[in-house]
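In what follows, a structure is listed as structure tokens, so that the remarks can point back to it.
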Amino acid sequence: MEQTVTIQCTGVEMIFKKKQALRNVTFSTNSGSIVGLLGPNGAGKSTLMRILTGILEPTGGFVEVLGRKPGVETLAQLSFLPDRGQLPNWLTADQWLGYASGIYPDWDIALEREWVRKLEVDRTMGIGTMSRGQEARLQLLTCLSRRTKIVILDEPFTGVDLLSRERISSAIAEETAGGDRTFLIATHDIREMESMFDRIILIGDGTIKGVYDTEELRDEGHSVESCYREVFA
Amino acid sequence: MPPDMIWRIDEFQIDPSRPLYEQFVEQIRAMIAKGQLAPGTRLPSVRETASSLRVNPTTIMKTYQELERLSLLVTYRGQGTFVTNEESAITRSRRELARSAVARLEELAQSIGLTLEQFIALAQEEE
């Protein structure tokens, strides 16, 4: 399958008041791939993701998402799972999905049914009574039920139990196999995810410390984990 | 049509510091060589495999392509990917596995100044 560039960042800068949050951030992602955004807390991962969604405008550099500047049009082609995001806890899963299917024009009811089954989401359950793992699965389900080309996940595994993590990883691998979705995933869960990434972007202190294709790294005898250690130790 | 089998993650031993595709090729090749995967077995699709093993789908696609290049797998459009029914392809693969193992053994023998035959004789000698 032909790969196209889905996200392109060139020399992206972000300054909040006097603090430089991102400096000269340059990388790209291809369609049909899973890209890991890895780095310690406070490295600038969430800031970068918010720039890609168009929520924040960078103070310098160029960003293109599906060939356009992030904004209302690109937001419609992108689903985003924010860090510590919360779904309305007074609704049941079923009520939430009914609401979500109404607000997203690209909602696909067949995809919704498929992922409800595969991610084992109980539609009758109140969101307020869900465990972290159950809520994380419902959040991912919300991202996957839209026909978006780009899925951005900020720490999808934080506080999520092992079996839910495995189901989430399986769903991501399966969705990427279609060939036209790009996943950009910020995570600390390197062991769970390392055989899933095509490419890793290492980010620390607001700047890119390295971009590697994982099979090339392994060809040189490095694992994703050992590379991470070398860069950040 | 469902596949005849499903991959399980514990069937593979994966070293995270070697190319994953190479390891899947080696291990599936060995399963075919020893008959653990019988000729004609229908394998799960790339999508199903990526999901059950939680591995990048491109890796699985490359693995299947390489095994097809080695004539160990055959893909029929719309039907799926199967272990070959050609005994000769499997025999050839077994022979290649044996040859490369013997070549490694031969190198080891030479490193202590022996021929392969002397090396084996030495190993089998009674104390």
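Assorted remarks:
- The mean of 1/r over all distinct Cα pairs in segment B:62-119, once inverted, gives the Kirkwood hydrodynamic radius of 13.5 Å.
- Overall size of segment A:160-233 from C-alpha positions, given as principal axis extents largest first: 31, 28, 26 Å.
- Counting only Cα atoms, segment A:132-178 measures 27, 16, 15 Å along its principal axes, largest extent leading.
- The angle between the Cα long axis of helix A:162-176 and the main principal axis of chain A comes to about 80°, on a 0 to 90 degree scale.
- About its Cα centre, the dipole of chain A is roughly 820 debye, where the only charges are +1 on Lys and Arg Cβ and -1 on Asp and Glu Cβ.
- Cα convex hull of segment A:1-67 - mean projected area over all directions, nm²: 4.7
- Of B:V74, B:P57, B:L37, farthest towards positive along the dipole that unit charges on Lys, Arg, Asp, Glu beta carbons give segment B:35-103: B:P57
- FRET efficiency for A:R84 and B:F12, using Cβ-Cβ distance with R0 set to 22 Å, rounded to 0.05: 0.05
- Where N is the number of residues in chain B, Cα Rg divided by 2.2 N^0.38 Å: 1.29
- Evaluated over segment A:38-120, the Cα radius of gyration and Dmax, each in Å: 15.7, 44
- Mean Cβ count within 10 Å, highest first, over the residues of peptides A:111-118, A:222-229, B:112-119: A:222-229, A:111-118, B:112-119
- Overall dimensions of the protein assembly as shown, expressed as equivalent-ellipsoid semi-axes from the Cα gyration tensor (√(5λ), whole Å, largest first), are 43, 26, 18.
- Nearest 10 degrees, 0 to 90: helix A:109-118 Cα axis against chain A principal axis: 90
- In this simple spin-label model, placing a label point 7 Å from the Cα along the Cα-to-Cβ direction at both A:R229 and B:R99 gives a separation of 3.9 nm.
- Along segment A:56-72 the Karplus relation, 6.51 cos²θ - 1.76 cosθ + 1.60 evaluated at θ = phi - 60°, assigns HN-Hα couplings of 10, 9, x, 7, x, x, 10, 10, 10, 10, 6, x, 10, 5, x, x, 4 Hz to successive residues, with x for each Gly and Pro.
- The C-alpha atoms of chain B define a longest principal axis, and helix B:57-69 lies at about 60 degrees to it.
- Per residue, the convex hull volume that the Cα atoms of segment A:82-187 enclose (Å³): 92
Every number in this text was worked out from the coordinates using simple rules, so none of it is lab data. The model shown is predicted, which means the values in this text are computed figures rather than measured ones. Using ideal geometry, Cβ is built from the backbone for each residue, glycine included, and neighbour counts are taken over all protein chains shown.
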